Amino acid sequence: TASAITGPKSSAARTAPGQEVPLVIEARAVEKHFGTFHALRGVNLSVRQGEVVVIIGPSGSGKSTFIRTLNALDPHDGGTITVDGIPLQGARNLDAIRREVGMVFQSFNLFPHLSVLDNITLAPTRVRRASKAEAERRGLELLRRVGIEEQAHKYPAQLSGGQQQRVAIARALAMDPKIMLFDEPTSALDPEMIKEVLDVMKELARSGMTMLVVTHEMGFAREVADRILFFDQGNIVEDTTPEAFYTNPQHERARQFLGKIL
Ligand code: ADP
Ligand code: MG
């Protein structure tokens with residue numbers, strides 16, 4: 001697509017004209033089976049550094065399965081995946097990949113018995129071997145970035161859903177990932193909390209983060225996405241700009257889908 005050639009519109013760290021923007025995700029002919037069910041059917045995708053890619057499609061089309069294969073939460077069983085130059089094969093590169101790729105889920109998945117700040121400092125102190133003081137300094141900085149520094153010493157259950165999701169984003173950022181994956185990050189939120197989470201994601205996109213976001217939030221997609229991928233039955237059937245997708249989807253299934261969500 002044009003955006004893949006010229007580089008992302010969202011990236012603050014845009015490279016000079018003609019300069020190659022590196023590929024950070026390369027998926028080639030990716031397959032995934034669950035028993036006899038064929039969940040991913042030869043998925044191909046290249047994502048350049050700083051691109052913001054929104055993934056939409058019907059329930060059960062493989063969106064979650066695909067992004068989970070990108071940080072090996074679910075191992076793929078055919079084809080190849082390379083993340084920031086690291087081939088994702090078997091168990092060998094799992095730790096390296098998971099340091100590169102942060103993930104935010106629909107259901108927050110915070111540790112309920114840890115304070116907000118401890119949720120954020122856990123991985124940096126254990127995996128990155130940061131000192132407690134350094135991890136806390138950085139944790140508070142990230143909480144300020146997502147707008148909830150004053151909640152640092154509360155427990156997740158004392159926070160609203162929107163606040164918990166912002167903690168989950170800060171926790172993922174604490175590992176300094178190169179890529180952030182979001183799987184329907186606002187689907188479990190009450191309507192009044194969706195905006196505060198999307199605003200944090202927009203800021204992240206503008207800062208140049210490479211992001212893959214499964215979401216049906218069209219406003220977000222139109223404002224910050226460089227590309228829209230439409231999944232259907234285990235494959236990407238449309239890969240285009242938000243403008244082209246929302247005004248003139250090429251694929252019949254995409255037309256039907258838009259008819260339902262708009
Ligand atoms: P989406 O996120 O697009 O709604 P998923 O990637 O979650 O879809 O699922 C794709 C298909 O794979 C669905 O039919 C789902 O039932 C199946 N599936 C996903 N995870 C598993 C699993 N762990 N075991 C068996 N089937 C699964
Ligand atoms: Mg899903």
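Annotations for the structure displayed:
Table: residues versus (1) charged (D, E, K, R); (2) modelled with pLDDT of 95 or more.
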| site | (1), (2) |
| --- | --- |
| A157 | no, yes |
| S160 | no, yes |
| E184 | yes, yes |
| G219 | no, no |
| F230 | no, yes |
| T240 | no, yes |
| G259 | no, no |
| L262 | no, no |
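- Hits in region 115-167 - residues which are acidic (D, E) and farther than 24 Å from E100 by Cβ: E149, E150
- The sole residue among R92, R98 that is buried (at least 18 other Cβ atoms within 10 Å of the Cβ), modelled with pLDDT under 95 and more than 16 Å from ligand 2 (Cβ to nearest atom) is R98.
- Only one entry in P87, P112 is free of Cβ contacts under 8 Å to residues at least 40 places away in the same chain and surrounded by fewer than 15 Cβ atoms within 10 Å (Cβ to Cβ), namely P87.
- Taking the criterion of being within 13 Å of the chain's Cα centre (by Cα), surrounded by fewer than 24 Cβ atoms within 10 Å (Cβ to Cβ) and over 25 Å from P249 (Cβ atoms), the residues of region 50-75 that qualify are R68, N71.
- Checking Q164, Q158 one by one, the residue that is surrounded by 20 or more Cβ atoms within 10 Å (Cβ to Cβ) and among the polar types (S, T, N, Q) is Q164 and no other.
- Subset of region 50-103 [outside any helix (DSSP H, G or I) and among the basic types (K, R)]: R92
- Region 138-193, residues that are among the hydrophobic types (A, V, I, L, M, F, W, C), within 16 Å of the chain's Cα centre (by Cα) and in a helix (DSSP H, G or I): V167, A168, I169, A170, A172, L173
- Any hit, region 178-193, residues being of a type in the set (A, V, I, L, M), within 24 Å of L114 (Cα to Cα) and in contact with a Pro (Cβ under 7 Å, 6 or more places away or on another chain): no
- Within region 73-92, being among the acidic types (D, E) and more than 15 Å from K178 (Cα to Cα) holds for D74, D77.
- Within region 220-241, the set of residues being within 24 Å of A172 (Cα to Cα) and out of contact with any Ser or Thr (no Cβ under 8 Å at 6 or more places or on another chain) comprises F220, E223, L229.
- In region 114-139, residue modelled with the lowest pLDDT [restricted to those that are out of contact with any helix residue (DSSP H, G or I) (no Cβ under 9 Å at 6 or more places or on another chain) and more than 15 Å from A170 (Cβ to Cβ)]: R129
The values are calculated or read from the model by the stated rules, or taken from the named source; none is laboratory data. Everything numeric here is computed off the predicted structure, so don't read it as measured data. All Cβ positions, glycine included, derive from the backbone under ideal geometry; neighbour counts span all protein chains shown.
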